[in-house]
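I'd like to ask you about the structure that follows.
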Amino acid sequence: MEKIKKIKIFVTCHMCDKKHTVEVFEEDFHRWEAGELIQDAMPYLEAGERELLISGTCESCFDHLFTVGVY
């Protein structure tokens, strides 16, 4: 069965308050909601998009969290 319907998910980063939109197939979103790993349900998303959906942290803020103070 071909995936047809896409949905837009609107997420605001909880660190910088920047608004983001991630577009996914509705069927894949429901699979993730049902417990499937996000990388298996939506392998077409970039790692930063997946992190945004999982934690509400955008890619630049996530990178900043793990690079500040690294020697």
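The values are calculated or read from the model by the stated rules, or taken from the named source; none is laboratory data. Quick caveat, the model's predicted, so the values are computed rather than measured. Because the Cβ atoms are built from the backbone with ideal geometry, glycine has one as well, and the counts that use them run over all protein chains shown.
Does Lys19 count as modelled with pLDDT of 95 or more and either of a type in the set (A, V, I, L, M) or in contact with an Asp or Glu (Cβ under 6 Å, 6 or more places away or on another chain) (or both)?
no
Sticking with this structure for a sec: Tell me which residues, restricted to region 28-63, are under 17 Å from Val11 (Cα atoms) and among the aromatic types (Phe, Trp, Tyr).
Passing the criteria: Phe29, Trp32, Phe62.
Okay, next question. If you scan region 6-27, which residues turn out to be closer than 22 Å to Phe62 by Cβ and either part of a helix (DSSP H, G or I) or of a type in the set (D, E, K, R) (or both)?
Result: Lys8, Asp17, Lys18, Lys19, Glu23.
Then there's this: Taking the stated definitions as given, is Arg31 of a type outside the set (S, T, N, Q), within 12 Å of the chain's Cα centre (by Cα) and either closer than 29 Å to Ile4 by Cβ or outside any loop (DSSP other than H, G, I, E, B) (or both)?
Numbers: of a type outside the set (S, T, N, Q): yes; within 12 Å of the chain's Cα centre (by Cα): no; either closer than 29 Å to Ile4 by Cβ or outside any loop (DSSP other than H, G, I, E, B) (or both): yes.
Spelling it out, it is not the case that Arg31 is of a type outside the set (S, T, N, Q), within 12 Å of the chain's Cα centre (by Cα) and either closer than 29 Å to Ile4 by Cβ or outside any loop (DSSP other than H, G, I, E, B) (or both).
Hey, another quick one. Can you tell me which residues in region 32-57 are out of contact with any Ser or Thr (no Cβ under 9 Å at 6 or more places or on another chain) and crowded, with 16+ Cβ neighbours inside 10 Å?
Trp32, Ile38, Ala41, Met42, Leu45, Glu49, Arg50, Leu52, Leu53, Thr57
Here is a further query. Kindly indicate whether any position in region 48-59 is in contact with a Lys or Arg (Cβ under 7 Å, 6 or more places away or on another chain) and assigned to a helix (DSSP H, G or I).
Within region 48-59 (the criterion being in contact with a Lys or Arg (Cβ under 7 Å, 6 or more places away or on another chain) and assigned to a helix (DSSP H, G or I)), the answer is no, since none of the residues qualifies.
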